[in-house]
1. Looking at the stretch B:23-42 only, could you name the residues that are under 17 Å from B:Asp10 (Cβ atoms), in a helix (DSSP H, G or I) and in contact with a helix residue (DSSP H, G or I) (Cβ under 6 Å, 6 or more places away or on another chain)?
2. I need every pair where a residue in the stretch A:10-30 that is at the interface with chain B (Cβ under 10 Å from one of its Cβ atoms) has its Cβ under 6 Å from the Cβ of a residue that is basic (Lys, Arg) and not in a helix (DSSP H, G or I), sequence separation at least 6 or different chains.
3. Is it the case that B:Phe134 is over 20 Å from A:Leu55 (Cβ atoms), open to solvent by 80 Å² or more (accessible area, probe 1.4 Å) and in contact (Cβ under 8 Å) with a residue 12 or more places away in the chain?
4. If B:Ile47 meets every condition in (1) open to solvent by 30 Å² or more (accessible area, probe 1.4 Å); (2) more than 14 Å from chain A (Cβ to nearest Cβ) apart from one, which number is that one?
5. Does B:Ser127 meet the test of being within 28 Å of A:Arg14 (Cα to Cα), surrounded by 15 or more Cβ atoms within 10 Å (Cβ to Cβ) and touching a residue at least 60 places away in the same chain (Cβ under 8 Å)?
6. In the stretch B:50-60, which residues are open to solvent by 10 Å² or more (accessible area, probe 1.4 Å), within 12 Å of chain A (Cβ to nearest Cβ) and not in a loop (DSSP other than H, G, I, E, B)?
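The values are calculated or read from the model by the stated rules, or taken from the named source; none is laboratory data. Owing to the predicted nature of the structure, the values given are computational and were not obtained by experimental measurement. Virtual Cβ from ideal backbone geometry, glycine too; neighbours counted across all protein chains shown. Ligands, DNA and RNA are stripped out before the accessible areas are found, and what is left, the full protein with its side chains, is counted by its heavy atoms. Shrake-Rupley method; radii C 1.70, N 1.55, O 1.52, S 1.80 Å.
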Amino acid sequence: MSNTDSAIVTISNRLGLHARPAMMLAEAAMRYESDVTLQRLDQEKAVDAKSIMQLMMLAAVCGTELKVEAHGSDAAESVAAIQELVKNSFNEDSLDG
Amino acid sequence: MKLLDLIVKDAIDPNLEATTRDEAIGLLIDKLIDAKVLDKAQRDDFIKAIIKRERRGSTGFGHGVAVPHVKHPEIETLTAAVGVCKDGIDFNALDGQPVHSIFLIISPEQKPEEHLEAMEAVFSHLSQETFRSFLLQANTIEEVMTLLEEADSSTLGS
């Protein structure tokens, strides 16, 4: 009963995936039982979306394309939640910092 | 980006004598001022900005590591100071554990991609248990520098 889901997202906030967005993303991923990974489309290595440290190692600037992939009972929900965060630019760009 | 591209040798303190987060941040800023990387007139501004950032969410991401930072419009070159506190400091870390290794990063506001590259360089090593434990065991600036050099040369251009 394990499901897999994935999506491609593009980082759209000016500052990229820095500490605060990384924290928001990890917190979102942790709400789900599924294993969630993120991978730059230009790199081989996928990182654990529930680890802020690993997310910071993506060095994902504005415009970077990432593949979100989830395995588990709530895979689709977890991917949708992360897509939503990225699409909304982590609620940034009006409050840079 | 390599660790030695951002870390200022004279701003490394392997025996940081701080007992609180704010004290640690102040001491590391003073190191950068003494190393002539920051202007003394900006001291309080930088400390205030970094603490304000910590209050919005701790940069103590777990494993005894914290990366307090600020992006500042008057900064043109990204720099970092390193403090190691053997006793550990309460940094309000996400895992609730005391922080031993502090990488304080000052970034140019206009170059967000440089900030992200510096974070990648720092975490690609701090995420490794061996690097963290060697850093804690280092007692002199030279020992820390050797560790940073070894870490840089092992990344094979990643």
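1. Result: B:Gly26, B:Ile29, B:Ile33, B:Lys40.
2. From the stretch A:10-30, the pairs are A:Ala26/A:Lys50.
3. On the way: over 20 Å from A:Leu55 (Cβ atoms): yes; open to solvent by 80 Å² or more (accessible area, probe 1.4 Å): yes; in contact (Cβ under 8 Å) with a residue 12 or more places away in the chain: yes.
Criteria met by B:Phe134.
4. For B:Ile47, the failing item is (1).
5. Details: within 28 Å of A:Arg14 (Cα to Cα): yes; surrounded by 15 or more Cβ atoms within 10 Å (Cβ to Cβ): yes; touching a residue at least 60 places away in the same chain (Cβ under 8 Å): yes.
The answer is yes for B:Ser127.
6. Of everything in the stretch B:50-60, those that are open to solvent by 10 Å² or more (accessible area, probe 1.4 Å), within 12 Å of chain A (Cβ to nearest Cβ) and not in a loop (DSSP other than H, G, I, E, B) turn out to be B:Lys52, B:Arg53, B:Arg55.
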